[in-house]
Amino acid sequence: MPIIDTHHHFWKYTDKEYGWISDKMKVIRRDFLPADLHKELKSAGVDGAVSVQARQTVQESDDLLAYAEKNDFLKGVVGWVDLRDKNCDKDLERLAKHKKFKGVRHVIQDEPDDNFILGTAFNEGIKKLAKYDLRYDILIFEKHLKPSIKFVDQHPKQIFILDHIAKPRIKDRILSPWRENMIELAKRPNVYCKISGMLTEADWDKWTAADLAPYFDSTLQAFGPKRLMIGSDWPVMLVAGKYKQWIDMVKQVVSRYSSAEQDRIFYKNAVEAYKL
């Protein structure tokens, strides 16, 4: 069945723009471009991918669209626009004219205010996305789940995609209250969830499939096959594992579902959520 990787990044590495890449992450201190990803996709039997912003600049959105226009295997772009800016319509309107521009993301996990997602100006920007038929990717740590539930409730008609299963504390083997909050968030039918980013929340050097199993199980329980999709978080994930290794692991985990349900997780939900 076809597979779409709904979460990866590109960058031309510089210390200034990617200061978050620590010494421990030096394996990803280099350029990662479409040709690099294409090799990984072919090796793992993945057919297409969705590019997600790694820099909080409008230029990032333009750069990702330029890559997508030149590479058919890049099916969509989730870029960045400053949604707090009352004039963000100008950027949204321009970007939305590109058929592969599918949504917007903000790096909420790095904001010093744990309630950033509830900010008035930010939410006014979120309200504008529907006009351009754009989705919003939610990037948070598990500590942000409760305010994120309140956030989603303010926008019942907006499609949201939760990145990286809300980054639970896998390394510390802590399930609660992440699990309960995930179940609560999943009650909102306008929220999809990416099975992604898990390896980097585990012990990079010592993780096992058993360490990840409770988090897989809880996510599948919460969202079910109709609102889950697969993502790699390549190249960030390379600090803890290999691309094909991750794709194969998710295949094994979701093998409990029927072929039709697996097809939703690997392909149809991505097409539906992002209108690919």
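Rundown of residues vs (1) touching a residue at least 12 places away in the same chain (Cβ under 8 Å); (2) acidic (Asp, Glu), yes/no style:
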site: Glu142; (1), (2): yes, yes
site: Lys194; (1), (2): yes, no
site: Asp203; (1), (2): yes, yes
site: Lys206; (1), (2): no, no
site: Trp246; (1), (2): yes, no
site: Val254; (1), (2): yes, no
Inset, instruction - At least 1 residues that are of a type in the set (S, T, N, Q) in each: list the strands (runs of 3 or more DSSP E) lying fully within the stretch 1-86 that qualify. - result: 4-8, 48-52
Legend entry - Residue satisfying all of: in the stretch 117-128; closer than 23 Å to Ala54 by Cβ and touching a His at 6+ places or on another chain (Cβ under 8 Å); surrounded by the fewest Cβ atoms within 10 Å (Cβ to Cβ) among these: Phe122
Legend entry - Filter pass, Thr219 being in contact with a strand residue (DSSP E or B) (Cβ under 8 Å, 6 or more places away or on another chain), over 29 Å from Ala35 (Cα atoms) and free of Cβ contacts under 8 Å to residues at least 60 places away in the same chain: yes
Inset, instruction - Please verify whether the stretch 165-178 includes one or more residues that are more than 18 Å from the chain's Cα centre (by Cα), among the acidic types (Asp, Glu) and within 29 Å of Leu238 (Cα to Cα). - result: yes
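Yes/no matrix, rows are residues, columns are (1) farther than 23 Å from Lys12 by Cβ; (2) touching a residue at least 24 places away in the same chain (Cβ under 8 Å); (3) in contact with a Gly (Cβ under 9 Å, 6 or more places away or on another chain):
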| site | (1), (2), (3) |
| --- | --- |
| Leu65 | no, yes, yes |
| Phe73 | no, yes, yes |
| Val81 | no, yes, yes |
| Glu93 | yes, yes, no |
| Val107 | no, yes, no |
| Leu129 | yes, yes, yes |
Legend entry - Matching entry among Asp137, Asp89 (being charged (D, E, K, R) and touching a residue at least 60 places away in the same chain (Cβ under 8 Å)): Asp137
Legend entry - Pick from the stretch 129-141, criterion closer than 15 Å to Lys194 by Cβ and charged (D, E, K, R), ranking: surrounded by the most Cβ atoms within 10 Å (Cβ to Cβ): Asp137
Legend entry - Check on Arg55, closer than 22 Å to Arg105 by Cβ, out of contact with any Leu (no Cβ under 6 Å at 6 or more places or on another chain) and among the basic types (Lys, Arg): yes
Inset, instruction - Just one of (1) buried (at least 17 other Cβ atoms within 10 Å of the Cβ); (2) part of a helix (DSSP H, G or I) trips up Gly197, so point out which. - result: (2)
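Rundown of residues vs (1) within 30 Å of Met1 (Cβ to Cβ); (2) in contact with a strand residue (DSSP E or B) (Cβ under 8 Å, 6 or more places away or on another chain); (3) modelled with pLDDT under 95, yes/no style:
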position: Gly19; (1), (2), (3): no, no, yes
position: Gly48; (1), (2), (3): yes, yes, no
position: Glu60; (1), (2), (3): no, yes, no
position: Lys75; (1), (2), (3): yes, yes, no
Inset, instruction - Mind counting the residues in the stretch 201-247 that are assigned to a strand (DSSP E or B) and among the aromatic types (Phe, Trp, Tyr)? - result: 1
Inset, instruction - Would you be able to tell me the number of residues in the stretch 62-73 that are surrounded by 17 or more Cβ atoms within 10 Å (Cβ to Cβ) and either hydrophobic (A, V, I, L, M, F, W, C) or modelled with pLDDT under 95 (or both)? - result: 3
Legend entry - Matching residues in the stretch 94-108 - criterion: being of a type in the set (Gly, Ala, Ser) and crowded, with 21+ Cβ neighbours inside 10 Å: Gly103
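The values are calculated or read from the model by the stated rules, or taken from the named source; none is laboratory data. Quantities reported herein were computed from a predicted structural model and do not represent experimental measurements. Here the Cβ is made from the backbone with ideal geometry for all residues, glycine too, and neighbour counts use every protein chain on show.
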